[in-house]
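Down below is the structure, laid out as structure tokens.
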Amino acid sequence: MADTSDTGKRMRIEVLRYRPEQDAEPFLQGYDVPYSDDMSVLQGLQYIKDWLDGTLSFRWSCRMAICGSCGMMIDGEPRLACKTFLRDFPAGSVRVEALAHFPIERDLVIRMDDFLAKLESIKPYIIPKEARSLAQGEYLQTPAELDVYEQFSSCINCLLCYAACPQYGLNPDFVGPGIMALLHRYNADSRDGGASARMEVAGSEAGVFNCTAVGYCSEVCPKHVDPANAVNQNKTRAAGDYFLRLVTGKGGAK
Amino acid sequence: MKPIPRRSNAPVFWGLFGAGGMLAALFGPVLVFMTGIAVPLGFILPSDAMSWAHMQAFAQHWAGKGLLFVVVALFMWHAMHRILHSLHDLGVHAGAALKIACYGLALLVSIVAAWVLLALGF
Amino acid sequence: MNTPDPRRPYVRPMAGWWRRNPFFVEYMVHEATALFVAAYALVLLVGLLRLAQGEAAWNGWLDALRSPVALVFHVVLLAAFVYHCWTWFRIMPKTMPPLVIRGKRVAPGVITACGVAATVVCSLVVLVVAWGATR
Amino acid sequence: MDVWKADVAIVGAGGAGLRAAIAAAESDPSLKIALVSKVYPMRSHTVAAEGGSAGVVQAHDSLEHHFHDTVAGGDWLCEQDVVEDFVARSTEEMVQLEHWGCPWSRKADGHINVRAFGGMKIERTWFAADKTGFHMLHTLFQTSIKYPSIRRFDEHFCLDLVVEDGRVQGVVVVDIASRRFTLIQANAVILATGGAGRVFRENTNGGIVTGDGMALAYRHGVPLRDMEFVQYHPTCMPGTGLLFTEACRGEGGFLLNRDGYRYLQDYGLGPAEPTPRNKAMELGPRDRLSQAFWYEQQKGRTIDGPHGAVVHLDLRHLGEAKLRERLPQIYELAEEFLGVDPAKTPIPVRPAVHYTMGGILVDGRCAAPLPGLYAAGECSSVGIHGANRLGSNSLAELCVFGKTAGVEAAAFAKSVAHGRADVLLKQAGASQQRALALVTDTSGTERIATLRKEMAQSMEDGCGIYRQADTMQATCDKLAELRERYRRVRVEDTSSVWNTEWLLAIELGYQLEVAQAMAWSALERRESRGAHQRLDGYGERDDVNFLRHSLAYHAGADAPRIGYGDVKITRSAPGTRAYGAAGEQAEKAEQERAAQPGPAGEAHRG
């Protein structure tokens, strides 16, 4: 934790509080936190939790933008608290709220079981195109083949893209950007042959066509995954699959 | 886990939306400029560019008919698809009724355009 | 034997969501270009109807296009179409598979620029053809 | 209290826990597997591992080399039979991960690529850019979804093991979101809860790395082995302790002091060549590099920064393109957290606590002395790290021993029957009451953060890179005081939903006990070996008295009792641990000696 004793600078951190057992609805609570220029918003929240108000709840762990725990709305934008710095709020105050579009479980903690259920639905694992035993060694995959899906495999499941997606907010059945990035990650992997199985989700009424190409999901992604691209590439694929089914008589819409 | 919802019919409408959007992006500005500004003002293009004779000939040619139909119909499908989604964005989730209204209007415009173009003869 | 579930997740309303972020405001504005595209399609449709009704009707429509209101309206339409064109190609890199040329991914900005350039070329071609065909 | 009947319960869903779950599920699909984690699996700290995972693949490499690098790297405090098993199986595990989709970095021909790492004779570190742990974790997690017999208890906190009839029969967990308790009845329990680095102040670890599983086993009489060996990683971010992977040096980075001088050549790691050769200079082992920093600091040759002394990790000569390709995350960390462009400016770094070499005592089958209890990963001491872990062995360990634990636990679970639920429920109820007492008793006065801060500072003061009896004793005393004060800890938050303050209090209880095991084990080891270095007259390795594993036994409210256990030596008799040019000479001499007839190996039993 940054040494905050000697800087004399203070930041007003306004936190959206919600304790389901005592509050009817969320409300803003302000805290004055001493800070230094290298302190993150997360460190500011930790300071509050440790020294000002132990009842404030939030998720965090790695502090280095890889575990994906600390996504929150910071001055209205979905950000990772660990890599958003207090120095970037020169007005001396910052507002922190739970990630948009998710139910608030408590304070800055959102309920995310919907995301896990969706992840489970897309078969997020290699469905081998061709079988291979361990004794046969690794599948060959050139750097170019790796490059096709690597960016989508970088999703840390931080859910910022969901908080950036109004279509998910308006219709929580929508599979959403992050899950589509992961779905595409496997479809685009040269070792995988499971794309048709995953089409059941991508081409469904909860699938890609709920996206209206707002594009903000890709803007807020802290890992340059570009989920909007994953969604929209799959619109083309899903449409192709749809018309192919019509032509080949395999049913089209079920 | 929730059962996977059924297959979406959206590709049909999305395809029309995309085609119309691309057409509007590539040719929309120049068409508006021609029909709405250049010809009425006689600016760049001759002011009789859209004379009765010219347009009659254009609309009676199969290629001209095709172009006119595609522009009117696809612009409409593009627009109505977007408007439908924007209404949803604004909180108007009317479901099937709204869908029928929006896509129905696009279909109506398409039919009228086709009918008129056919009526204009070859 | 366990205590009842004390959870009471709070779902925030979506009303007015698009006013919460400049990015969303811009999105709604560019979605609104659809109104102008529809309007223009209807203008053209009316023109077609007038064309079918005979020369007098057609000339009436042409006269209407020359009215100041129609001219101003078309200037607005033009702006909307240009904005539609720009936003359409701006989002295009996100909607297509990665374009790899000589082992390197083409940057999004280049794709957008190519799209806009295509519009410029199409516009010139249409103008030249129209000019050639009607003079 | 709800009851959920499982065959195998796994606590911790990081790399080791997930690998164990998959192995158990594959070994018998009819088994019910409970996978408990206090976070969603993809948040587990495996996610933060950067550099890579070891597995012999190159033709000029061999299992023998990997074995020797590991054992010598561990200063011969390794279980050599376990190391043999480990090196023999790690490559297969890496291939398995590849089959499951792990996006390993590749060579142009499509085969996987390997990079150099500290303390390694030949390059054998498989890597996925500099996010290897992240990719391994997500691959394992997403693959685990394939197995319907794995029932996850995400965001469930483990409060206790249930031990009855002399064997482990389950765990008590609480749902963090609702504070509802569940007894997971299980015939075998695997602990895979990770390390305990958060007991130190400046560390590379995530907030969740609080030694929970270690404390749970320890409280039930299972000794914690070799806890004095705590790895300082030499290149961490000042202040936060965030990690700049060893791969920075594996790719050719330099360490410079305030004069721009590659100071490692002054510490027996030279010669300084433009590209560090394996096992020399910047590619020396972590303990030696961290120790060299300490000496540089003593000599006043470090640079003063806002968070204390630093040296420079210089990557400039690698160029932006290579850095973006091989070390993208490092690049962004430096840019965003420090405002440093590593292609233009050296990165300020200093050592920070990184890894807990010791842990729950288990044998080569991952079985603890308590029947039914297994452990894998950083929380365990299976015996491959000795006194200093070789970089990139921990990720391989997760897979190799995660699998072992899963298979062994599944076999054990099938060999016994479920005990009586009512008896177990009674125990579980008592655990629940103990945990709830922290919130129901509002008479406490001690602030959690105060206790935690004092503990972390004290551990850093007493159990740092260099140690001496008086400061270690002071740490031991301080920890005893803190445990006493902990009995009066105050939890302000009494609510049920997502009461993280309550969990922090429980974790602090775990941490204080694990810290005690570390400090007392350190105090009692009167020699210097690997990561345990003393300045008070015990500066040399003492194989006569201390070629032995330390074993810390829980002793209730008192300080732990420290015992010792044998070290299994099969092929490699303790030798000189030398790196750089000296290391190459020593190796040559070793080969000549080995060529001569005579007994070798079976020496030095502690």
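General observations
- Shown here: the protein assembly as shown, whose C-alpha atoms stretch 114, 67, 63 Å along the first, second and third principal axes, sorted largest to smallest.
- Each of C:Ser67 and D:Asp363 was given a label point 7 Å from its Cα along the Cα-to-Cβ line. The distance between the two points is 9.8 nm.
- For chain D, calculated [θ]222 nm from helices alone, where every DSSP H run of n ≥ 4 adds -39500 (n - 2.57): -11500 deg cm²/dmol
- Pairwise Cα distances in segment A:10-110 exceed 20 Å in 30 percent of cases.
- With a simple spin-label model that places each label point 7 Å from the Cα along the Cα-to-Cβ direction, the separation between A:Leu246 and A:Leu52 comes to 5.8 nm.
- Distance (nanometres) between label positions extended 7 Å along Cα→Cβ at C:Arg19 and A:Glu219: 1.9 nm
- Shape of segment D:361-441, Cα gyration tensor, a/c cut at 1.5: oblate
- Charge tally for D:Glu50 (other residues, Cβ to Cβ under 13 Å; Lys, Arg +1; Asp, Glu -1): 0.
- In range of the label at B:Ile44: residues from segment C:111-128 whose backbone nitrogen is under 16 Å from the point 7 Å along Cα→Cβ: C:117-128
- The protein assembly as shown - share of DSSP beta bridges that are antiparallel (%, nearest 5): 70 percent
- Angle of helix D:286-298 to the longest C-alpha principal axis of chain D, folded into 0 to 90 degrees and rounded to 10: 70°.
- Over all directions, the projected convex hull of the C-alpha atoms in segment A:113-248 averages 9.0 nm² in area.
- Taking Cβ atoms as reference points and 13 Å as the exclusive limit, the residues near D:Ile22 contribute a net charge of +1, counting Lys and Arg as +1 and Asp and Glu as -1.
- For chain C, convex hull of alpha carbons as volume per residue, Å³: 257 Å³
- Cross-link reach list, lysines versus A:Lys49, counting only Cα pairs under 26 Å and skipping chain neighbours closer than eight places: A:Lys9, A:Lys83, D:Lys38, D:Lys453, D:Lys478
- Accessible area of segment A:106-149 belonging to carbon and sulfur atoms, whole % at 1.4 Å probe: 54 percent
- Minimum 50 Å² accessible area buried by the other protein chains, segment D:334-370 residues, probe 1.4 Å, relative to alone: D:Glu336, D:Phe337
- For peptide D:481-493, the mean count of partner chain Cβ atoms within 10 Å of a residue's Cβ comes to 1.
- Efficiency of FRET from Cβ geometry, B:Leu67 and C:Leu99, R₀ 25 Å, rounded to 0.05: 0.30
- Of all DSSP beta bridges in chain D, antiparallel share, percent nearest 5: 65 percent
- Along its first, second and third principal axes, ordered by size, chain B spans 65, 30, 21 Å in Cα coordinates.
- When each of A:Lys223/C:Lys94; D:Lys121/D:Lys588; A:Lys118/D:Lys32; A:Lys223/D:Lys344 is checked by Cα-Cα distance, pairs over 20 Å: A:Lys118/D:Lys32; A:Lys223/D:Lys344
- Debye log10 I(q)/I(0) for chain D, one point scatterer per Cα, at q = 0.10 Å⁻¹: -0.83
- Neighbours of C:Pro6 by Cβ distance under 14 Å: Lys/Arg scored +1, Asp/Glu scored -1, total +1.
- Contact order relative to length of segment D:19-164, as percent, for alpha carbon pairs under 8 angstrom and 6 or more apart: 43 percent
- Buried accessible surface for the B/A chain pair comes to about 2000 Å², total over both chains, computed with a 1.4 Å probe.
- Cross-link reach is defined here as a Cα-Cα straight distance under 12 Å, omitting same-chain residues fewer than 8 places apart; for A:Lys129 the aspartates and glutamates meeting it are A:Asp189, A:Asp192.
- Helix-only CD estimate at 222 nm, as mean residue ellipticity for chain C, using -39500 (n - 2.57) per DSSP H run (n ≥ 4): -25500 deg cm²/dmol
- D:Glu325/B:Leu90 FRET efficiency (R0 45 Å; Cβ-Cβ; nearest 0.05): 0.50
- Gyration tensor verdict on segment D:236-351 (Cα atoms; rounded if a/c is under 1.5, prolate if a/b is larger than b/c, oblate otherwise): oblate
- Long-range Cα-Cα pairs in segment B:1-49 (distance over 12 Å), rounded percent: 71 percent
- Anchor A:Lys123: lysines whose Cα lies under 17 Å away (excluding residues fewer than 8 positions away in-chain): B:Lys2, D:Lys146
- Segment D:Asp461-D:Val423, extension gain: residue separation times 0.36 nm, minus the distance between their alpha carbons: 9.2 nm
- For the chain pair B and C, the buried solvent-accessible surface (1.4 Å probe, both sides summed) amounts to about 4400 Å².
- Taking the longest Cα principal axis of chain D as reference, the axis of helix D:580-595 is set at about 80 degrees.
- Taking every Cα-Cα distance in chain A and sorting them into 5 Å bins from zero, the calculated P(r) comes out as 1, 6, 12, 15, 15, 13, 11, 9, 7, 5, 3, 2, 1, 0, 0 percent.
- Taken as Cα centroids, segment D:177-223 and segment A:151-220 sit 34 Å apart, rounded to the nearest whole angstrom.
- Shape class of segment C:56-135 from the alpha-carbon gyration tensor: prolate, with a/c at 1.5 or above and a/b greater than b/c.
The values are calculated or read from the model by the stated rules, or taken from the named source; none is laboratory data. Note that the coordinates shown come from a computational prediction; the quantities given were computed from them, not determined experimentally. Virtual Cβ from ideal backbone geometry, glycine too; neighbours counted across all protein chains shown. Surface accessibility is based on the protein's heavy atoms, side chains included, excluding ligands, DNA and RNA. Shrake-Rupley method; radii C 1.70, N 1.55, O 1.52, S 1.80 Å.
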